[in-house]
Amino acid sequence: MLPDVLSRLRVPMVAAPLFIVSHPDLVIAQCCAGIVGSFPALNAREGEGESVMLEAWLKRITEALDRWNQAHPDTPAAPFAVNQIVHRSNARLERDLEICARWKVPIWITSLGARPEVNEAAHSCGGIALHDVINDRFARKAIEKGADGLIAVAAGAGGHAGHQSPFALIREIRDWFDGPLLLSGAIATGDAVLAAQAMGADLAYVGSPFIATKEANAAPDYKQMIVDSGASDIVTSALFTGVSGNYLGPSIRKAGLDPDNLPASQTDMNFADGASKPKAWSAIWGAGQGIGAVRDVVPAADLIARIGREYAAARQRLAL
């Protein structure tokens with residue numbers, strides 16, 4: 001059974017936290033449209049002498065959702081989530097945990113490491129912790145260290161994707177875990193959301209389609225490249241961050257590299273300065289294999305409504 005915070009979504013989806021792209025405008029739009037919106041804490045970047053931007057973002061999101069709920073009591077906003085990069089180079093982690101606990105963030109998404117103290121921080125304010133994993137071994141470690149739920153990142157997902165088929169990954173985890181389970185990997189339609197549930201996931205975890213939305217903090221060329229590209233344009237490489245990920249081939253080509261002949265990784269992931277890749281790769285854009293379903297740059301609410309209609313039609317078609 002899903003925890004209460006995840007049980008009343010208008011579409012069974014969580015929007016994935018997207019590096020650079022996910023900002024308050026997008027999160028607020030996602031939540032008001034009835035799905036969990038999220039952002040990486042490190043997207044709230046801070047320069048010397050600036051105020052704590054993460055705190056300002058949490059205040060803005062919380063107040064905007066409160067206003068929505070007062071104005072729309074029959075269609076309340078979904079809760080939001082903050083992604084914490086649990087990596088040894090993230091010097092902000094301890095401070096960001098304290099800020100998120102103080103603002104009572106309802107859903108915490110953890111990546112690149114499972115640490116009990118992060119889960120404890122989530123629980124201290126009544127939140128739940130969901131950890132993203134690429135295989136069954138990491139899934140077991142996450143639950144052992146106190147995570148409440150899992151995000152199975154399968155082949156085809158954008159950014160740092162796994163290599164396993166969603167059928168295999170979900171089945172192995174469901175053999176022993178009956179808690180909240182989300183599936184990530186090329187999900188861009190309502191049919192795919194229903195398929196994720198059919199194979200054993202509770203919710204779909206959707207990222208790349210939100211890059212091509214009006215509210216996304218992405219360059220116009222990035223949004224248009226999502227619209228113009230398909231699964232065959234996705235290239236898998238560890239060159240850009242030191243960890244295998246999926247990227248838009250046209251952006252690699254535009255940067256002067258041959259996407260079919262990329263060198264091996266020479267980069268170590270480093271979050272000490274709030275970035276996960278060198279500036280030389282700043283225009284290498286991540287995306288998942290589901291982008292062929294993205295036809296236009298639209299408001300996030302329109303994207304969610306389209307997926308919701310497709311989901312309802314798929315259920316009806318299968319008489320569910």
On the given criteria, is ARG92 surrounded by fewer than 22 Cβ atoms within 10 Å (Cβ to Cβ), touching a helix residue (DSSP H, G or I) at 6+ places or on another chain (Cβ under 9 Å) and touching a residue at least 60 places away in the same chain (Cβ under 8 Å)? yes
Filtered residues of segment 46-85 (kept if farther than 20 Å from LEU6 by Cβ, at pLDDT 95 or above and touching a Pro at 6+ places or on another chain (Cβ under 7 Å)): TRP57, ARG60
Out of ALA64, ALA101, ALA91, which single residue is of a type in the set (A, V, I, L, M, F, W, C) and under 19 Å from ALA15 (Cα atoms)? ALA64
Among (1) under 30 Å from ALA293 (Cα atoms); (2) more than 17 Å from the chain's Cα centre (by Cα); (3) of a type in the set (A, V, I, L, M, F, W, C) - the single one ALA155 does not satisfy: (2)
Looking at the structure I just gave you, is ALA192 aliphatic (A, V, I, L, M) and at pLDDT 95 or above? yes
Given (1) buried (at least 17 other Cβ atoms within 10 Å of the Cβ); (2) outside the structural domain of ARG140 (by TED's automatic domain parsing), number of the condition PRO180 does not satisfy: (2)
Considering only residues that are in a helix (DSSP H, G or I) and in contact with a Gly (Cβ under 9 Å, 6 or more places away or on another chain), which ones fall in segment 25-43? LEU26, VAL27, ILE28, ALA29, GLN30, CYS31, LEU42, ASN43
Residues (crowded, with 18+ Cβ neighbours inside 10 Å and farther than 23 Å from CYS31 by Cβ) located in segment 120-134: VAL133, ILE134
Collect the residues in segment 195-215 that are outside any loop (DSSP other than H, G, I, E, B) and within 13 Å of GLY286 (Cα to Cα), keeping them in residue-number order. SER208, PRO209, PHE210, ILE211, ALA212
I'm trying to understand the selection: among the residues of segment 90-135, which are among the polar types (S, T, N, Q) and part of a strand (DSSP E or B)? THR110, SER111
Would a scan of segment 72-83 turn up a residue that is surrounded by 20 or more Cβ atoms within 10 Å (Cβ to Cβ) and in a helix (DSSP H, G or I)? no
When segment 303-320 is examined, which residues are found to be charged (D, E, K, R) and either touching a residue at least 24 places away in the same chain (Cβ under 8 Å) or at positive phi (or both)? ARG306, ARG309, GLU310, ARG315
With the condition kept exactly as written, say whether any residue in segment 146-158 is part of a loop (DSSP other than H, G, I, E, B), surrounded by 24 or more Cβ atoms within 10 Å (Cβ to Cβ) and in contact (Cβ under 8 Å) with a residue 60 or more places away in the chain. yes
Hits in segment 159-194 (condition: under 13 Å from VAL206 (Cα atoms) and part of a loop (DSSP other than H, G, I, E, B)): ALA161, GLY185, ALA186, ILE187, ALA188, THR189
Residue check, GLU46 assigned to a loop (DSSP other than H, G, I, E, B) and among the acidic types (Asp, Glu): yes
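The values are calculated or read from the model by the stated rules, or taken from the named source; none is laboratory data. These numbers come from a predicted model, not from an experiment. A quick note on method: Cβ atoms are made from the backbone with ideal geometry, for glycine too, and the neighbour counts reach across all protein chains shown.
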